[in-house]
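The values are calculated or read from the model by the stated rules, or taken from the named source; none is laboratory data. Note that the structure is predicted; figures quoted are calculated from it, not measured. Cβ placement follows ideal geometry from the backbone for every residue including glycine, while neighbour counts extend to all protein chains displayed.
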2 protein chains.
Amino acid sequence: MADIPYKIYLTEDEMPREWYNLRADMINKPAPLLNPDTHQPMTAADLEPVFCSELIKQELDNDTAYIKIPDEVYNFYKMYRPSPLVRAYCLEKELGTPAKIYYKFEGNNTSGSHKLNSAIAQAYYAKKQGLKGVTTETGAGQWGTALSMACAYLGLDCRVYMVKVSYEQKPFRREVMRTYGANVTPSPSDTTEIGRKILEAHPGTTGSLGCAISEAVEAAVSTPGYRYVLGSVLNQVLLHQSIIGLETEAALKKYDIKPDMVIGCAGGGSNLGGLIAPFMRDKIKGKLDCRIIAVEPASCPSFTRGRFAYDFADTGRVCPLAKMYTLGSDFIPAPNHAGGLRYHGMSTVLSQLYDDGHMEAVSVPQTEVFKAAERFARSEGILPAPESSHAIKVAMDEALKCKETGEEKTIVFGLTGTGYFDLVAYQKYNDGVMDDYVPTDEEIEQSLSKLPVID
Amino acid sequence: MADIPYKIYLTEDEMPREWYNLRADMINKPAPLLNPDTHQPMTAADLEPVFCSELIKQELDNDTAYIKIPDEVYNFYKMYRPSPLVRAYCLEKELGTPAKIYYKFEGNNTSGSHKLNSAIAQAYYAKKQGLKGVTTETGAGQWGTALSMACAYLGLDCRVYMVKVSYEQKPFRREVMRTYGANVTPSPSDTTEIGRKILEAHPGTTGSLGCAISEAVEAAVSTPGYRYVLGSVLNQVLLHQSIIGLETEAALKKYDIKPDMVIGCAGGGSNLGGLIAPFMRDKIKGKLDCRIIAVEPASCPSFTRGRFAYDFADTGRVCPLAKMYTLGSDFIPAPNHAGGLRYHGMSTVLSQLYDDGHMEAVSVPQTEVFKAAERFARSEGILPAPESSHAIKVAMDEALKCKETGEEKTIVFGLTGTGYFDLVAYQKYNDGVMDDYVPTDEEIEQSLSKLPVID
């Protein structure tokens, strides 16, 4: 066996040619999306005005295990993939642990995160369908940036509704999107009916993700030749993100490595669902004995303190109902700098797997997360995104447990992106003024009391 | 011959184990640095109070062609190297050119640029000498960030004097450095004698690189256990940066590719000198027929409009005199967003090679540079640093010439870094308010009239 290098790169030939659809191997399938009016399962026809046709097929397909990556998407992937699986030798030394730590680094592209894996797929299917453009919303900005890049590459129009507070506080994210030719509108805006209504009701509002979703959906359905696309939560997104897990699996196999645990951060579930897909498959089939751990912020603890129930996917309540771990669609997370993890719900796939006991979840407070991020940055030379740093924190905790027990466990975690656009948060941490608000039981109960009643 | 992949990666085993010192193969050696008071060549003893001993040896060594990369530096390199040599298939398609374009991408590390290659080397020698810390200055912030990362890794104290206007306008750069534990001081400051003098004379000043250099040097020589380090211009820096060229050469050889031209941006010369080193060696020896092109901003045209003469290396005139292409140490470049290219002089090595006719130079206006950057970003998916975009602009121009002539030339250029921290500049370009100031002949003559007189 050759020495394990610092970075395990697959060759382009070794890159997976198919996405893997974990739903095909789930014993209990994720519950179907429901029509918010009739409470009946959403059909392809129901979804047609909003989503691209091929993506609807993927969304509803619980049976096909492997789906070919289209050539054009595959070629785009080759601009920034395969991404490295890094052996964290320097972090291991810093921690003094006998554990072997690996991380799959998805930040080596200009969007700065794994979001590009699904953005190019969704943009491709929109282009193939002959559409003129797509609409979406963005909060932290990673998804909007990724979609702008994908649309620029394919010559597709891209309209991004950016939560107004982010639009104003993150001008650099906005400029990257503009450089990629996207039309970026602060939300709420006067370009949609729902936006105008909200502005009238709340003149000074700085917006929310829920409102931006509603505006983006309205813009898509009311503009001929446009559809709406979404960067997380949906089954199709987890399907595209399976490239992360498949590459990780292939890289580990090259060196005959079996993970003892796979750790990822969880917001809507796009990165986690992609990273764990092949490992969960083997675990379900009894072929792999491996802990799978979702890490969420203590300020937005869907798995660890939420309820498994049907809920609205958006605050505006225009989207289908999804059965998921949720804090209630009215839940407003405290200001948390990991913007990508501030979602009240969770992927239906991951929710079902968690409910079935196939994975664990843990929540961590923000200051601890940044402390881990700083230590990681100083030893591994990568400035991590706050979202990713949730996984770093728990991976480090597990490695330190190994230090106590002397166990040489193999820990694999997902490093979803870089923190170049999160330096306001790092500054708060550096200045010692970061807050660690955790919602009270009453707050969560209050929000959960408004869950929709499904017969 | 296998198909050429999108990204040619060397394995860690194939990574060069030695730096290459181009001076050893130069027919006319670069002129020695002179003591600013006596005008005699600087000796090792003269440099001892300012620089680390091992780095002085490298600075003065015009004879040793290959110098072993210390193991600790080599291991650090493995965290982010080998860097990819990318075949720009998508850019070729976008341009419709028969040319084959390759770029060596040095932006895949948190410092965002090639600067880390020399930062870790310089920090290593400081640590090995038993020093407590190092001082430096930074303008655009890439060098300061790289040095902070290297010092954090080695447990060395790092004091950065950051030009005050950058300190205030680039708070994110500052925060990255702080996250890596560096002490960042806006310059001019009251922590040094020269800083206090300048503040007294010019109360409202926002500083300059020249002033920051003077403060950093003073802080180094007046603090026991500290030395001063510099990120460009010096021979030692070009030596460390040769890793870029050596890797590029090895990657090209793997696929039996010979470059017809090698293009790089030129500020102080660190990236260009590193990239071209092995190609220039072969060119000097008559083994390679290849154009080598330096690209500089029209706003700061040292090669194309400067004079080859001894000049002060810093505005404060405390550093040794260097024989180089210079615009005069009093030359104040117009605000140009490629902060890394705003230096009045140029590496003595590159100056000599240019004067001997071994390389060409071209200057390009800023708006054209950003236009090229945008087109590159949209087709290749990487948001380039403004500095790097100078090389992109000329590579694209050459590729378009091939489109006219039908020649299938092989163009290699250096993509030194990413533009994540340059979005104020991109915003100006997006908003159409970017300026293209070019100095008048009178301005340059005025500044050159103050060159020191050497007997």
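Worth a mention:
- Taken over region A:85-112, the residue count meeting the criterion of being over 16 Å from residue A:400 (Cα atoms) and at pLDDT 95 or above is 7.
- Per-region count, region B:400-455, residues part of a loop (DSSP other than H, G, I, E, B), more than 14 Å from chain A (Cβ to nearest Cβ) and aliphatic (A, V, I, L, M): 4
- Criterion (of a type in the set (Gly, Ala, Ser), assigned by TED's automatic domain parsing to the domain that holds residue B:272 and under 30 Å from residue B:24 (Cβ atoms)) met by exactly one of B:146, B:250, B:150, B:220: B:250
- Hey, residue B:215 over 12 Å from residue B:51 (Cβ atoms) and outside the structural domain of residue B:185 (by TED's automatic domain parsing) or not: no
- Meets criteria (outside any strand (DSSP E or B) and aromatic (Phe, Trp, Tyr)) for residue B:354: yes
- Just one of the listed residues (A:204, A:210) is over 20 Å from residue A:320 (Cβ atoms) and more than 14 Å from every other protein chain (Cβ to nearest Cβ), namely A:204.
- Residue B:25 vs. criteria more than 14 Å from chain A (Cβ to nearest Cβ), of a type in the set (D, E, K, R) and under 24 Å from the mean Cα position of the chain (by Cα): yes
- Only helices (runs of 4 or more DSSP H) whose full extent lies in region A:1-86 are considered here, and the ones with at least 1 residues that are under 24 Å from residue A:349 (Cα atoms) and polar (S, T, N, Q) are A:53-60.
- Matching option when the condition is charged (D, E, K, R) and within 13 Å of another protein chain (Cβ to nearest Cβ), among B:100, B:93: B:93
- So residue A:376, is it aromatic (Phe, Trp, Tyr), more than 12 Å from chain B (Cβ to nearest Cβ) and under 22 Å from the mean Cα position of the chain (by Cα): no
- For the residues A:118, A:148, the requirement of being under 27 Å from residue A:188 (Cα atoms), in contact with a Phe, Trp or Tyr (Cβ under 8 Å, 6 or more places away or on another chain) and surrounded by 24 or more Cβ atoms within 10 Å (Cβ to Cβ) singles out A:148.
- Residue within region B:166-175 that is away from every other protein chain (no Cβ under 14 Å) and over 19 Å from residue B:221 (Cα atoms) present: yes
- Within region A:390-405, no residue that is not assigned by TED's automatic domain parsing to the domain that holds residue A:291 sits with its Cβ atom under 6 Å from a residue that is among the aromatic types (Phe, Trp, Tyr) at 6+ positions apart or across chains.
- Residue list for region A:273-332, restricted to those being under 15 Å from residue A:447 (Cβ atoms), under 17 Å from the mean Cα position of the chain (by Cα) and of a type in the set (Asp, Glu): A:314
- Residue within region A:418-425 that is free of Cβ contacts under 8 Å to residues at least 60 places away in the same chain and more than 30 Å from residue A:35 (Cα to Cα) present: yes
- Positions within region B:399-455 being surrounded by 13 or more Cβ atoms within 10 Å (Cβ to Cβ), of a type in the set (Ser, Thr, Tyr) and farther than 23 Å from residue B:93 by Cα, in sequence order: B:420, B:426, B:429, B:437, B:447
- Candidates A:249, A:215, A:193, A:200 - the one that is modelled with pLDDT of 95 or more and among the acidic types (Asp, Glu): A:249
- Flag if residue A:373 is under 24 Å from residue A:173 (Cβ atoms) and assigned to a helix (DSSP H, G or I): yes
- Entry remark, region A:47-99: residues being of a type in the set (S, T, N, Q), within 24 Å of residue A:25 (Cα to Cα) and within 22 Å of the chain's Cα centre (by Cα) number 2 in total.
- Single unsatisfied condition, residue A:75 versus (1) of a type outside the set (Asp, Glu); (2) facing chain B (nearest Cβ under 9 Å); (3) buried (at least 18 other Cβ atoms within 10 Å of the Cβ): (3)
- When A:313, A:334 are checked against the criterion of being buried (at least 20 other Cβ atoms within 10 Å of the Cβ) and closer than 29 Å to residue A:193 by Cα, a single residue qualifies: A:313.
- Looking only at residues of region A:127-151 that are farther than 18 Å from residue A:213 by Cβ and not in a loop (DSSP other than H, G, I, E, B), we find that the one that is nearest to the other protein chains (Cβ to nearest Cβ) is A:149.
- Within region A:349-369, the set of residues being polar (S, T, N, Q) and either touching a strand residue (DSSP E or B) at 6+ places or on another chain (Cβ under 6 Å) or buried (at least 24 other Cβ atoms within 10 Å of the Cβ) (or both) comprises A:351, A:363, A:366.
- Some residue of region B:48-57 being over 19 Å from residue B:275 (Cα atoms) and basic (Lys, Arg): yes
- Residue list for region B:176-201, restricted to those being within 14 Å of chain A (Cβ to nearest Cβ) and hydrophobic (A, V, I, L, M, F, W, C): B:176, B:177, B:182, B:184
- Residue count for region A:87-126 satisfying the condition of being outside any loop (DSSP other than H, G, I, E, B) and within 20 Å of residue A:252 (Cβ to Cβ): 12.
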